[in-house]
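The values are calculated or read from the model by the stated rules, or taken from the named source; none is laboratory data. All figures in this text were calculated on a predicted structure; none of them were measured in a lab. A quick note on method: Cβ atoms are made from the backbone with ideal geometry, for glycine too, and the neighbour counts reach across all protein chains shown. Side chains included, ligands, DNA and RNA excluded: accessible areas come from the protein's heavy atoms. Shrake-Rupley method; radii C 1.70, N 1.55, O 1.52, S 1.80 Å.
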Amino acid sequence: MFTRSRSSLMLAIFTTLFVALVIPQVRGETVGLYTFDTMARDWDITGGPERFFDSSGNGLNFNALGSFGTISLSSDLPSVAPDGSLSLYFNFRSEVDTPTTDLFSIGKTGELTVEFWYKPLLTDTLRNILAQENGPNSWAISQATPVDSGTQGVDMFTKDLNGNVDRLKSADKFLSAANPEWIHLAFTFDNTSTLRMYRNGVLEDQASSFGPYTSIAKTLRLGTGNPDGTFAGKFLMDDLRISNVALLPGNGTGVDELAWNTSLSQGVEPTQRSETFGRDWVRSHPFMISSWGRPSDEQLYKDANFNTAQSSIALDGIEGHFQGAFNELNDTTRTAVQWGINAGVSGWMIRDEVPADKIAGVADAADYVRLVDPESLVYVSLAGVNPSYIDDVLTTIQPDAILYGFYPWEGETNATDKLRAHLDNMQVVRQKSLQYGIPAFAFIQSFDDLHNPDQPMDDNNRLPSGSELRTELFTKLSAGFKGVTYYLFDLENQPPRFENALLDLNGDPTPLYYQAQQANAEVLNLGQSLRYLESTDWRYVSGGISVTPNTIPAWSSDAGSGLVLDIEMLGAPADRKDAMVGYFEDDAGDDYFMLVNMWHGVGLNGDDLLVDFTITFDSSVDTIWRLNRLTGLVDEIALTDHMLQLTLPGGTGDLFKFDDGLFAGLTSILHPGDANGDGLVNLSDLQILGDNWQSNTASWAEADFTGDGVVNLSDLQVLGDNWGFGTTPDLAFEQALQAAGVSVPEPMGLAALLLGSSWLMSRRKCRLVA
């Protein structure tokens, strides 16, 4: 045990190391220069929906005022046609604002430069390119109304404190609408009344009647239109640079002068995704529990243990997946995709129920998403389970994952449900998932449209009971599915035919909400390991009087690894009293199995339908390990005569492992802070924590000691609390000092620690990912 003083010193060491690790170094170039080109992928919800960074890592945030109003400054060259452009494209009746800032006030330093590459796409009316908020003491750069047909100019005008307008107009000097070309535009103001306009580094015009103006913080706008807001700009823009000094053309290098002689940034280059991208993505994220649409009550959503939403925007503590309806790649698709990137989504469900005649168009949209957002998951929802249709979807679109949907709980009674068809369909999707090596997700029925007048009641869907909900969840886990999406969580913005979901029409929790809350917690515990396992076999155990599925083999002792010799369900046979057995293997070849009690019924919860099982194992098996679905911890179970007595609630399953208790994905649970599973908590684990700090990498889960979905200071605290596990305290303490570059003995001052961070300073990372 460390003494209190030594523990405090250890905390100081860890804090010093990680401050050095995560704070990016700031590199200055031109004074006051902001260069906006690509959005950073370490976007944060507190920064608003748009995030760009300058060359020194400083951020500028754009807040969209409309449903769409996307900004993407990236990857276009002057020779690229608009259809292939990934530059800023703005063509919606909404404008985009930055927060109020002194940087863009003309009077802040007495000087200002605004420069950018520009290509017009529309020439029918005055449309602002870049402007401050309208009103006195403001300025704007605008596409001018064409004076002569087929040509147009670019204007800059300012208003003084009294609203009087001074305007510098280029009129019909350039910008052919018939064949628009990329040009470099620059506007400088020195606050001594002179405004200059440069085109490709050449002085286009100047005026001496501008300003001076007072220093008032203003809001910068991109794409705003006429004062009444009825029009918005339509243009391409790239490499926007704003400086609070009046730069001169010089040689156009962009270093302490204008950047007219520099090439546009290349931006994103297409790369071939790894064949295991979907698998690796699933492993680097918490087991996905999502729902259709954006939840109306985010706190209730998180309280029910949802961690993802098809909300098209990242929410506080909730991963956002984009809910797309893309049938082809066009400007609308590009703009929606850029909006989703700016909104911080980590996954793309780019088309729900892909129509067979739209597969090629959806594939084009998927290629574009992968190009501009290479770190995020791309998946589609299937419109059916015809094997040839799925083959066409998977070979043409090449998604990272697939989402399967089928709602089994039809009518008011068990007699009208479609569970058998559901199991058969799941088997098809499971087999295709394994064939193509991509994860499968599944919709979960959680809505009621029983009284929908458009079809017979027996064809409508009932809100499932607790046991039915569990049956859907745990059978999918046993089949190897890697995530679930509820349809629906609430009824906001849903058609009137829906009567109930996890929340009712008033937004209040229904009884099913609380059933889902507990079931989701158990799924998350099991999902920690299931993300890392591959399904090797899936079998059905009949309760004696139920109709068995057509495509799932009956369980026998040769199933899976052959170590389970007998499964006996005790008690009298009953309708729907069946079981499923799933077998799995991890990357090391270790074997697992999962047993699910499928007994379910209308109006019945899991505890109403308990089933006792006796499982007999091979004579070589004396001990079995269970990942406890209630605690997330590993239970070691000594067998009696190679048999296990087990009680499972209706619809519920348990996950077991042979050989040892080292469940894949759970090394940090066995020894908190032991990221690499070597039985020690030492410098190697500190290095893994640093390498995965606030990032998405294959080893991310190893450093997420708290299981909260992010590698942060909480995990550092776990590492510190367990520092020295498996070794002596003195050795652990010396290793921490070594990491900090400190060799002085106790007692020592904190100043010495602050000066001795060379090791981690050399590992410092700037998390600005284009």
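Values for this structure:
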read-out: Whichever residue in region 340-377 is open to solvent by less than 10 Å² (accessible area, probe 1.4 Å) and polar (S, T, N, Q) and, among such residues, is modelled with the highest pLDDT; value: 376
read-out: Test: residue in region 481-501 that is small (Gly, Ala, Ser), open to solvent by less than 50 Å² (accessible area, probe 1.4 Å) and closer than 15 Å to residue 655 by Cβ; value: no
read-out: Those residues of region 531-559 which are within 22 Å of residue 617 (Cα to Cα), under 34 Å from the mean Cα position of the chain (by Cα) and open to solvent by less than 20 Å² (accessible area, probe 1.4 Å), in sequence order; value: 533, 535, 538
read-out: Residue that is most open to solvent (accessible area, probe 1.4 Å), among those in region 626-641 that are of a type outside the set (A, V, I, L, M, F, W, C) and in a loop (DSSP other than H, G, I, E, B); value: 641
read-out: Inter-residue pairs, beta-carbon under 8 Å, first open to solvent by 10 Å² or more (accessible area, probe 1.4 Å) and in region 390-402, second small (Gly, Ala, Ser) and not in a helix (DSSP H, G or I), 6+ apart; value: none
read-out: Failed item in (1) at pLDDT 70 or above; (2) in contact with an Asp or Glu (Cβ under 6 Å, 6 or more places away or on another chain), with residue 693 passing the rest; value: (2)
read-out: Among the residues listed as 453, 439, 495, the single one being farther than 30 Å from residue 398 by Cα and under 29 Å from the mean Cα position of the chain (by Cα); value: 495
read-out: All positions within region 476-514 that are part of a strand (DSSP E or B), of a type outside the set (A, V, I, L, M) and within 28 Å of residue 348 (Cβ to Cβ); value: 483, 485, 486, 487
read-out: One residue from 585, 568 being within 23 Å of residue 523 (Cβ to Cβ) and open to solvent by 60 Å² or more (accessible area, probe 1.4 Å); value: 585
read-out: Qualifying residue in region 624-641 (condition: among the polar types (S, T, N, Q), touching a Leu at 6+ places or on another chain (Cβ under 8 Å) and at pLDDT 95 or above); value: no
read-out: Conditions (1) aromatic (Phe, Trp, Tyr); (2) assigned to a strand (DSSP E or B); (3) touching a helix residue (DSSP H, G or I) at 6+ places or on another chain (Cβ under 7 Å); number of the one not met by residue 599; value: (2)
read-out: Scope region 533-564; condition in a loop (DSSP other than H, G, I, E, B), touching a strand residue (DSSP E or B) at 6+ places or on another chain (Cβ under 9 Å) and of a type in the set (Ser, Thr, Tyr); matching residues; value: 542, 548, 556, 557, 561
read-out: Check on residue 521, assigned to a helix (DSSP H, G or I) and touching a Ser or Thr at 6+ places or on another chain (Cβ under 8 Å); value: no
read-out: Extreme residue, surrounded by the most Cβ atoms within 10 Å (Cβ to Cβ), among residues of region 642-660 that are assigned to a loop (DSSP other than H, G, I, E, B) and in contact with a Leu (Cβ under 9 Å, 6 or more places away or on another chain); value: 651
read-out: Search result, residues across region 423-474 that are more than 19 Å from residue 527 (Cα to Cα), of a type in the set (A, V, I, L, M, F, W, C) and either open to solvent by 10 Å² or more (accessible area, probe 1.4 Å) or part of a strand (DSSP E or B) (or both); value: 428, 450, 457, 463
read-out: Of residues in region 340-380 being among the aliphatic types (A, V, I, L, M) and part of a loop (DSSP other than H, G, I, E, B), the one nearest to the chain's Cα centre (by Cα); value: 345
read-out: Qualifying residue in region 606-625 (condition: in contact with a helix residue (DSSP H, G or I) (Cβ under 6 Å, 6 or more places away or on another chain) and assigned to a loop (DSSP other than H, G, I, E, B)); value: no
read-out: Residue count, region 291-339 (criterion: surrounded by fewer than 21 Cβ atoms within 10 Å (Cβ to Cβ), modelled with pLDDT of 95 or more and in a helix (DSSP H, G or I)); value: 5
